[in-house]
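Participant: Below are the structure tokens for one structure; questions will follow.
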Amino acid sequence: MIEPPGIAVECKVQCVDGQLQISGEMTIYTCEAVASKVLSAITPDATPLRFALEQVTEMDTAGLQVILMARKHAKDLAREVSIESASPAVADVLGLCGLSDLVVSP
């Protein structure tokens, strides 16, 4: 993982009952580790996978790439994926990229 000098960054990924919970930063500094954890959580399964991103504190386009890569990987495994919640940081990046519709309304 790349770390900026003098700054500790953290991102946690947990998969609980078909919900992939990500918290912390999804940035260039964490994307390698996050991508590895996210992709390993996506296995062939009939259960839809829901992303819970309300605890993401910071996100850049590297974090967006992780989400898009995870969606493609899940589709390749015939698994349905949705983003069920997004923090303001996630919503901002999705909005800037014209991808706000990826977040499903409850």
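Participant: Can you name the residue in the stretch 26-37 that is within 11 Å of the chain's Cα centre (by Cα) and surrounded by 21 or more Cβ atoms within 10 Å (Cβ to Cβ) and is also nearest to V104 (Cα to Cα) among such residues?
Facilitator: M26
Participant: Now for a different question. Which residues, taken from the stretch 49-106, are at positive phi and either in contact (Cβ under 8 Å) with a residue 60 or more places away in the chain or of a type in the set (A, V, I, L, M, F, W, C) (or both)?
Facilitator: Result: A78, single match.
Participant: Select from the stretch 38-71 the residues that are among the charged types (D, E, K, R) and either in a strand (DSSP E or B) or at pLDDT 90 or above (or both) and write down the one among them that is surrounded by the most Cβ atoms within 10 Å (Cβ to Cβ).
Facilitator: Checked the stretch 38-71; the qualifying residue surrounded by the most Cβ atoms within 10 Å (Cβ to Cβ) is R71.
Participant: Does the stretch 68-81 contain any residue that is in contact with a helix residue (DSSP H, G or I) (Cβ under 8 Å, 6 or more places away or on another chain), under 20 Å from S36 (Cβ atoms) and among the small types (G, A, S)?
Facilitator: yes
Participant: Quick test of your reading of the structure: V93 fulfils all but one of (1) outside any strand (DSSP E or B); (2) touching a Lys or Arg at 6+ places or on another chain (Cβ under 7 Å). Name the failing condition by number.
Facilitator: The one condition V93 does not meet is (2).
Participant: From D17, D45, D60, grab the single residue that is charged (D, E, K, R) and under 13 Å from A89 (Cβ atoms).
Facilitator: Testing whether each residue is charged (D, E, K, R) and under 13 Å from A89 (Cβ atoms) leaves just D60.
Participant: Counting just the residues of the stretch 1-30 that are of a type in the set (S, T, N, Q) and within 15 Å of D60 (Cβ to Cβ), which one comes out modelled with the highest pLDDT?
Facilitator: T27
Participant: Please identify the pairs in which a residue from the stretch 14-37 that is assigned to a strand (DSSP E or B) has its Cβ atom under 8 Å from the Cβ atom of a residue that is of a type in the set (S, T, Y), counting only partners at least 6 apart or on another chain.
Facilitator: Listed by first residue and then by second, the contacts come to S23/T57; G24/T30; G24/T57; E25/T57.
The values are calculated or read from the model by the stated rules, or taken from the named source; none is laboratory data. Since we're looking at a predicted model, the values are computed, not measured. FYI the Cβ positions are ideal-geometry reconstructions off the backbone, even for glycines, and counts take in every protein chain you see.
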